[in-house]
1. Can you give me the relative contact order of region 1-97 as a percent, contacts being Cα pairs under 8 Å and 6 or more apart?
2. Taking neighbour Cβ counts within 10 Å as the exposure measure, how do 24, 218 sort from fewest upward?
3. For region 171-226, state what percent of all Cα-Cα pairs lands in each successive 10 Å bin, counting from 0 Å until the bin that includes the largest distance.
4. Could you please tell me the mean projected area of the C-alpha convex hull for region 128-233, averaged over all directions and given in square nanometres to one decimal?
5. Based only on the alpha carbon positions, what is the Kirkwood hydrodynamic radius of the chain, in angstrom?
6. Considering only DSSP beta bridges with both partners in region 109-225, what is the antiparallel share in %, to the nearest 5?
7. Taking the chain as a Gaussian network, where each spring joins two C-alpha atoms under 10 Å apart, which residue of 99, 67, 50 fluctuates the most?
8. Using only Cα positions of region 3-96, each an equal point scatterer, no hydration layer, compute I(q)/I(0) via Debye at q = 0.17, 0.18, 0.20, 0.22 Å⁻¹ and quote the log10 values to two decimals.
Ligand code: ZN
């Protein structure tokens with residue numbers, strides 16, 4: 001079975017729509033979301049609606065938790081906090097309730113799904129280095145752990161190999177970001193797992209970046225959030 005893992009949508013509906021179309025075209029049967037449905041972008045309700053209808057499982061990201069009142073806005077930079085205040089005004093009560101009940105972790109036969117490090121989900125730590133990965137590997141027991149949070153795609157093996165997916169090793173996989181990539185490639189990103197062949201690939205998808213950038217400015221959100229979509233940083 002082919003499974004798509006999406007993360008860090010950040011209210012970018014044009015990117016999410018293209019990603020889900022691409023996943024369907026690739027023969028994906030199930031979609032999972034590693035959190036941060038909202039924040040930064042201009043389409044929070046539409047993005048939540050689409051994730052709710054498309055996904056078999058969704059975990060909370062730090063922006064989702066902030067919307068639910070579980071994380072203080074002082075944990076975010078100025079643009080991020082401003083976008084969260086804007087989102088709080090725009091979000092429907094039903095969608096706010098939906099974000100509030102999202103779990104921190106989902107465990108399936110093949111993988112664990114979290115937003116940040118599985119070692120201590122509530123502290124929203126990044127997994128970027130071998131040392132951080134070592135701690136994280138002790139905190140899940142499946143072959144794979146999918147995550148988001150950094151918006152930078154990464155594959156770390158339990159043997160501390162980087163970006164070399166194989167069948168005979170456990171891996172921590174950051175699937176990159178649908179709605180705000182930060183690896184210098186402005187295209188939307190998602191992860192594609194084939195549970196039969198046991199292969200994993202990162203897929204990049206073109207979308208109408210200008211549309212989201214223009215809507216970001218029109219909504220009165222910080223212009224820097226629109227500009228970074230164009231460069232992918
Ligand atoms: Zn994020």
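1. Details: 148 pairs, mean separation 27.6, N = 97.
Result for region 1-97 is 28 percent.
2. Working: 24 13, 218 10.
With the fewest neighbours first, 24, 218 line up as 218, 24.
3. Spelled out bin by bin, region 171-226 gives 21, 41, 24, 11, 3 percent.
4. Values: hull surface 30.5 nm².
Computing the convex hull of the Cα atoms and averaging its projections yields 7.6 nm².
5. About 17.3 Å for the chain.
6. Rounded to the nearest five, the antiparallel share is 65 percent.
7. Checking each option, the largest mean-square fluctuation is seen for 50.
8. -0.67, -0.75, -0.89, -1.05
No lab work stands behind these numbers, since they all come straight from the coordinates. Just so it is clear, the structure is predicted and the values come from calculations on it, not from any experiment. Note that each Cβ is placed from the backbone with ideal geometry, even for glycine, and that neighbours are counted across all protein chains shown.
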